[in-house]
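A.B. asks: Before I ask anything, here is the structure I am working with.
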Amino acid sequence: MTTTKLTATEQAAEFLAEAARHGFTVEPISNPEVVTIALSFEPGDRDAYVAADGVAWSVLSGAPMLYPGTTWGTDGASVGGHAGLTGGYYRLSKSGVSRRFVKALAKLL
């Protein structure tokens with residue numbers, strides 16, 4: 001069995017499609033390489049926040065890490081979650097992402 005490795009552009013296109021499917025916008029940042037996904041909803045809408053929190057980590061897992069990094073944001077595991085819920089937004093960022101992937105994302109946006 002042979003598996004075909006996707007190019008950075010193909011990975012980025014799949015990532016953008018998955019993010020859009022769940023309503024997230026995407027922001028690639030270079031130097032250091034960071035990818036952020038974000039979603040807005042009515043402030044205090046617990047159902048919308050829980051729905052975003054339920055898929056965000058999975059969506060962001062599509063951004064390949066090649067360097068030491070971390071993931072942070074307004075997820076339910078931190079005090080940022082309260083700020084996001086009451087403010088009507090959900091943001092999750094991941095550092096250490098492949099430079100080629102970030103460049104491909106920027107070109108596709």
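A.B. asks: State which residue pairs qualify: first residue of a type in the set (V, I, T) and inside the range 66-83, second residue part of a loop (DSSP other than H, G, I, E, B) in any location, beta carbons under 8 Å apart, and separation of 6 or more residues or different chains.
C.D. replies: Here the result reads T70/G96, each pair linking the range 66-83 to a residue that is part of a loop (DSSP other than H, G, I, E, B).
A.B. asks: Let me ask something else about it. I'm trying to understand the selection: among the residues of the range 26-55, which are within 22 Å of A77 (Cβ to Cβ), among the hydroxyl-bearing types (S, T, Y) and surrounded by fewer than 18 Cβ atoms within 10 Å (Cβ to Cβ)?
C.D. replies: Selection gives S40 alone.
A.B. asks: To continue, here is another question. What tally of residues in the range 63-109 results from selecting those that are more than 12 Å from T9 (Cα to Cα), out of contact with any Lys or Arg (no Cβ under 8 Å at 6 or more places or on another chain), among the β-branched types (V, I, T) and surrounded by 15 or more Cβ atoms within 10 Å (Cβ to Cβ)?
C.D. replies: Number of matching residues: 1.
A.B. asks: From G54, G76, G62, G23, grab the single residue that is under 21 Å from L6 (Cα atoms) and within 16 Å of the chain's Cα centre (by Cα).
C.D. replies: After ruling out the rest, the residue left standing is G62.
All of the numbers you see were taken from the coordinates with simple rules; none came from a lab. No experiment lies behind these values; they were computed from the predicted model shown. Quick reminder, even Gly has a Cβ in these numbers, built from the backbone with ideal geometry, and neighbours come from all protein chains shown.
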